[in-house]
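Below is one structure, written out as structure tokens, with a few remarks after it.
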Amino acid sequence: MPIVTVTVRQPKSTAFKQGILQSAHAALVAAGVNPRDKFHRVLELPAEDFQFDPMFPDLSIPRTDDFVLIEILLGVGRSVKVKKSKSCTT
């Protein structure tokens, strides 16, 4: 079950946030994740609570306040077949 966390600076429109979530989910599905396996959240923080270096490491153009941090927690887990096997219930 992948868990997606998107962090952005306030304020962002619903369309902006939904576009990011849809893109992240499409990438996960393209990588083989079940399309129904969707556990996503957006953290929209004030600038003082979401700080980043606009030029790190050596960018030629600085990051803007539209910078987006996407974190994906993805574990392989066990297949349904393995979960249902008798060897796993003891």
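Highest GNM mean-square fluctuation, the chain, Cα pairs closer than 10 Å: which of V80, V42, V33? Answer for the Gaussian network model of the chain: V80. Among DSSP bridges having both ends in the chain, what percentage is antiparallel? Round to the nearest 5. The answer is about 40 percent antiparallel.
Helix 14-30 and the longest principal axis of the Cα set of the chain meet at an angle near 40°.
Estimated purely from DSSP H runs of n ≥ 4, each contributing -39500 (n - 2.57), the mean residue ellipticity at 222 nm for the chain is -7500 deg cm²/dmol once divided by its residues. Regarding the chain, what whole-number volume in Å³ per residue does the convex hull of its Cα atoms give? Taking only Cα atoms, the chain has a hull volume of 148 Å³ per residue. Rolling a 1.4 angstrom probe over the protein heavy atoms with all chains in place gives the chain an accessible area of 75 Å² per residue. Given springs between every Cα pair under 10 Å in a Gaussian network model of the chain, which of S23, S79, S60 has the largest fluctuation? Of S23, S79, S60, the most mobile in the Gaussian network model is S79.
Note that the stretch 33-42 has calculated 3J(HN,Hα) couplings of 6, 4, x, 7, 7, 10, 10, 10, 8, 10 Hz, one per residue in order, obtained from phi through the Karplus relation 6.51 cos²θ - 1.76 cosθ + 1.60 (θ = phi - 60°); glycine and proline are x.
For the stretch 6-90, trypsin sites (Lys or Arg not before Pro) meeting the loop criterion (DSSP other than H, G, I, E, B) and having at most 12 other Cβ atoms within 10 Å: R36, R78.
The values are calculated or read from the model by the stated rules, or taken from the named source; none is laboratory data. Treat the numbers as computed from the prediction; the structure is a model and nothing was measured. FYI the Cβ positions are ideal-geometry reconstructions off the backbone, even for glycines, and counts take in every protein chain you see. Only protein heavy atoms, including side chains, enter the accessible area calculation; ligands, DNA and RNA are left aside. Shrake-Rupley method; radii C 1.70, N 1.55, O 1.52, S 1.80 Å.
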